[in-house]
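These notes are about the structure you will find just below.
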Amino acid sequence: MIEMHNGEQQLSGFRQSRRQIGRFAVFGALSLLAGCAVIPKGSVPVAEPTDKAPDANVLPTDAGRHRVALLVPMTGANAAVGQSVANAATMALLDTNAANLRITTYDTATGAGAAAARAISDGNKLILGPLLADDVTQVSNVARTAKVPMITYSNDSAVASRDVFVMGQAPGQSIARVLGFAKASGVKSVAAIIPTGDYGQRATAGLVDAARQQGISVTGIETYDRGNTSVASAVRRAKDKGRFDALLIADGSRIALQAAPLAGKGVRLIGTELWSGDGTIAKSPAMRGAWFATVSDQRFGQFEKSYTGRFGATPSRLATLGYDSVLLTLNVARGWKPGTTFPTAKLYDPQGFIGLDGVFRFTASGMAERAMEVREVGAGTFTTVSPAPTKF
């Protein structure tokens, strides 16, 4: 059931039989979370009848439901992504027919800290989101005082902590995975061009650490500003420092397509999770044979089809984070008493969880460790050359 509360979208759980949600199967036999399976219903359940019209400014009293806040941008530049995540959260409730969750969406575009304060004032005991690392900091400053934990969609490991769990794909994990594959394939040295800024800093740290563990020599790390034409200069500087077997381009398709023709003959191009789902990379002859690591798309196709059928639009690739975070919450909620503090200790299960993006688990720092696959760029296609592990 979708309700409106002060102009903000509220996603409510639905009636179901007295059986507790135990095992889930989504999209047929698809297992989404460890220990869970959800059987989707054929139609949208109807809200319980009421004798009294609801007050639009007051959240309903739900003594038997968990109140969970979804903090995403619903207006502004990132509204499309936020709406996609919110829609995916709705799908998770529909597919599970969950009766024990009430999820209310709050717009972070008008101020993440203010959205968090309102969510906590409304009685929410868990926050899903926000998307951006800067917003995570604002929200945690408010939520920590109220002892309300967060499962955020950021990919910044620096914001992870005992009460801030980060679900996004960290560049360091992607780089470590592809470097491990590259080492096994004969790569002994690597150079890198990396953008300035927070993402670049995380990519640099990930490269240095992974190269050390794999015994791969780093011949040079050259930085550039995304806003100017310094990419070619960065590639040239990297080449001037000596020969290398592979060149890491720690950026999206626009930069990769600029740098690829300049790398030189015989150099293997490698990238990060930013290349995932970008068909322009596969169309470029200069990118042929490049490797990158990302989460598996094995389940995304069916999710995308179901999402499009329900909402008439194509989902953002980040939408799966919204879906998986709701199922993760349902998994924990089986032993969580409504109105009490969310049991974060259950998120540290060493066996992890299974979601649309594959298996993942939270490390002691609060960062999601994800199983990733390695893909190779072909002639207009991507081929999985090293599948993602199915368990830890």
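Listed values, structure above:
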item	result
Segment 347-361, residues that are within 21 Å of residue 159 (Cβ to Cβ) and in contact with a Gly (Cβ under 8 Å, 6 or more places away or on another chain)	360, 361
Wholly enclosed helices (runs of 4 or more DSSP H) of segment 187-269 bearing at least 1 residues aromatic (Phe, Trp, Tyr) and either within 23 Å of the chain's Cα centre (by Cα) or over 26 Å from residue 279 (Cα atoms) (or both)	198-214
Residues of segment 221-245 classified as in contact with a Phe, Trp or Tyr (Cβ under 8 Å, 6 or more places away or on another chain) and either open to solvent by less than 20 Å² (accessible area, probe 1.4 Å) or within 20 Å of residue 281 (Cα to Cα) (or both), total	3
The listed residue being at pLDDT 95 or above and assigned to a helix (DSSP H, G or I), out of 109, 114, 69	114
Options 154, 189: the member that is of a type in the set (Ser, Thr, Tyr) and closer than 23 Å to residue 220 by Cβ	189
Filter result for residue 268 (closer than 27 Å to residue 186 by Cβ and charged (D, E, K, R))	yes
Any hit, segment 148-171, residues being in contact with a His (Cβ under 7 Å, 6 or more places away or on another chain) and surrounded by fewer than 21 Cβ atoms within 10 Å (Cβ to Cβ)	no
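The values are calculated or read from the model by the stated rules, or taken from the named source; none is laboratory data. From a predicted model like this one, the values you see are computed outputs, not experimental measurements. Positions of Cβ are backbone-derived with ideal geometry, glycine not excepted, and every protein chain shown enters the neighbour counts. Heads up: the accessible areas ignore ligands, DNA and RNA and are worked out on the full protein's heavy atoms, side chains in. Shrake-Rupley method; radii C 1.70, N 1.55, O 1.52, S 1.80 Å.
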